[in-house]
Amino acid sequence: MTPRPASAIRACSAEALLDTIDRQIIVATQAGLPRVARPYHAIAAQLGVAAEEVMRRLRRMLETGVIRRIGAVPNHYVLGYQANGMSVWDVPDERVRELGEKIGALDSVSHCYHRPRHLPAWPYNLFAMVHGRDRDEVEAKVLTIADLLGTADRGHTVLYSTRILKKTGLRLGG
Amino acid sequence: METADGPSLARGPRTRVPDVPPITSPIGDALDRAIINNLQGGFPVCEEPYREVAVQLGTTADELMRRLDALLASGTLSRFGPMYHAERLGGGLTLAAMQIPPDDFERVAAIVNAFPEVAHNYAREHALNMWFVLATETPERIGQVIAAIERDTGYMVHNMPKREEFFVGLRFEV
């Protein structure tokens, strides 16, 4: 059998690889990891499976990308990053991947996505979230992106968040 | 102002200039900052992960867990645990935007936020002034929720699912 590229395997099999125990682990940890000396043992005890089994499955979900990472998510407002600009760019579709990879690699960009335009109201197809301590800092970072894009920047704007209306994170039903 | 004698801080009453721009809300002490910086990068899957991280940070597992509890309670950290990749769980995920007249904004925000599928919702400065993330158990459900939001609010929803995600490495250093 010819081996398939890893990306193809990942794309088509990650979901199929999740069984009931994986889903129980996800439900048990989506609100967070317990602050006890042996957190994975605590989850295992709660689910009635072996701790080694929980750790093995978590490692596999990290490898397949079902878990992006295990760690802390800071509230960037509290950290002093008060200005959060969603910069949006109209770039040629045939170059969006090349340019998206360049912009995503910048230190100042936390998320970078290709998204569909909604003409005529919304001509932008590349989104890059830029964080700064104030709007001047965000604007300076946006200028860096504009320089990087050069003539591929056919128009851009920055949308600032003025209020968090809701923030609950993802929830999977048990 | 730079002079031949060096920066102007050497002269006059201003004898001290901070090394870094002032952060609006200073975060704890050196250990809190080390915890925030370190744990954004990942958390081990092993029998006693807090002890492993505590050793790197020069503290104890008990102190690390106590600090994490406090950082979560104060909202400095919004989450601590595994970050799941919604699409790879088999669910649906999208970003959507609406244009809401200011005098109807609160009513619509309440309706939109009441949908459990709305994970985040932000007010932004733009004609499209409400931006939210929808996370659903199945990809098909996205369209149903969008239709329900349009029906319940009376406003059009612009669906902007990501077509491609570009790698990003940002961490908030404190």
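The values are calculated or read from the model by the stated rules, or taken from the named source; none is laboratory data. These numbers were taken from a predicted model, which means no experiment stands behind them. Because the Cβ atoms are built from the backbone with ideal geometry, glycine has one as well, and the counts that use them run over all protein chains shown.
Numbers at a glance
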{"quantity": "Failed criterion for B:LEU170 (all others in (1) at pLDDT below 95; (2) at the interface with chain A (Cβ under 7 Å from one of its Cβ atoms); (3) not in a loop (DSSP other than H, G, I, E, B) hold)", "calculated": "(3)"}
{"quantity": "Unique match (being over 30 Å from B:GLU63 (Cβ atoms), of a type outside the set (Asp, Glu) and at pLDDT below 95) among A:PRO120, A:PRO74", "calculated": "A:PRO120"}
{"quantity": "Residue within segment A:72-82 that is touching a residue at least 12 places away in the same chain (Cβ under 8 Å) and in contact with a helix residue (DSSP H, G or I) (Cβ under 7 Å, 6 or more places away or on another chain) present", "calculated": "no"}
{"quantity": "Members of segment A:112-137 that are within 7 Å of chain B (Cβ to nearest Cβ) and out of contact with any helix residue (DSSP H, G or I) (no Cβ under 8 Å at 6 or more places or on another chain)", "calculated": "A:ARG115, A:PRO116, A:HIS118, A:TRP122, A:ARG133"}
{"quantity": "Candidate set: segment A:104-132, residues that are in contact with a Ser or Thr (Cβ under 8 Å, 6 or more places away or on another chain) and part of a loop (DSSP other than H, G, I, E, B); chosen: the one farthest from A:GLN82 (Cα to Cα)", "calculated": "A:TYR124"}
{"quantity": "Residues (buried (at least 20 other Cβ atoms within 10 Å of the Cβ) and farther than 27 Å from B:VAL157 by Cβ) located in segment A:92-103", "calculated": "A:LEU99"}
{"quantity": "Verdict on A:VAL91 being assigned to a loop (DSSP other than H, G, I, E, B), at negative phi and touching a residue at least 60 places away in the same chain (Cβ under 8 Å)", "calculated": "yes"}
{"quantity": "Filtered residues of segment A:143-162 (kept if farther than 14 Å from B:GLU125 by Cα and not charged (D, E, K, R))", "calculated": "A:LEU143, A:THR144, A:ILE145, A:ALA146, A:LEU148, A:LEU149, A:GLY150, A:THR151, A:ALA152, A:GLY155, A:HIS156"}
{"quantity": "Residue in segment B:144-157 that is acidic (Asp, Glu) and not in a helix (DSSP H, G or I) present", "calculated": "no"}
{"quantity": "Answer residue from segment B:124-139, given it is within 7 Å of another protein chain (Cβ to nearest Cβ) and assigned to a strand (DSSP E or B) and is farthest from B:ARG79 (Cα to Cα) among those", "calculated": "B:ARG124"}
{"quantity": "Unique match (being more than 9 Å from chain B (Cβ to nearest Cβ), at pLDDT below 95 and either closer than 30 Å to A:THR20 by Cβ or part of a strand (DSSP E or B) (or both)) among A:GLY169, A:GLY174", "calculated": "A:GLY174"}
{"quantity": "Selection count, segment A:53-91, where residues are at the interface with chain B (Cβ under 7 Å from one of its Cβ atoms), buried (at least 22 other Cβ atoms within 10 Å of the Cβ) and small (Gly, Ala, Ser)", "calculated": "1"}
{"quantity": "The listed residue being facing chain A (nearest Cβ under 9 Å), surrounded by 15 or more Cβ atoms within 10 Å (Cβ to Cβ) and without any contact (Cβ under 8 Å) to a residue 24 or more places away in the chain, out of B:ALA61, B:ALA54, B:ALA86, B:ALA97", "calculated": "B:ALA61"}
{"quantity": "Odd one out for B:GLY91, checked against (1) at the interface with chain A (Cβ under 8 Å from one of its Cβ atoms); (2) farther than 30 Å from A:ARG35 by Cβ; (3) touching a residue at least 40 places away in the same chain (Cβ under 8 Å)", "calculated": "(2)"}
{"quantity": "When residues of segment A:30-41 are limited to those that are within 17 Å of B:GLU48 (Cβ to Cβ) and surrounded by 17 or more Cβ atoms within 10 Å (Cβ to Cβ), the one farthest from the other protein chains (Cβ to nearest Cβ)", "calculated": "A:PRO34"}
{"quantity": "Subset of segment A:43-69 (residues that are modelled with pLDDT under 95, assigned to a loop (DSSP other than H, G, I, E, B) and within 15 Å of A:THR20 (Cα to Cα))", "calculated": "A:VAL66"}
{"quantity": "Selection count where residues are more than 14 Å from A:PRO74 (Cα to Cα), surrounded by 14 or more Cβ atoms within 10 Å (Cβ to Cβ) and either more than 7 Å from chain A (Cβ to nearest Cβ) or out of contact with any helix residue (DSSP H, G or I) (no Cβ under 9 Å at 6 or more places or on another chain) (or both), scope segment B:64-83", "calculated": "1"}
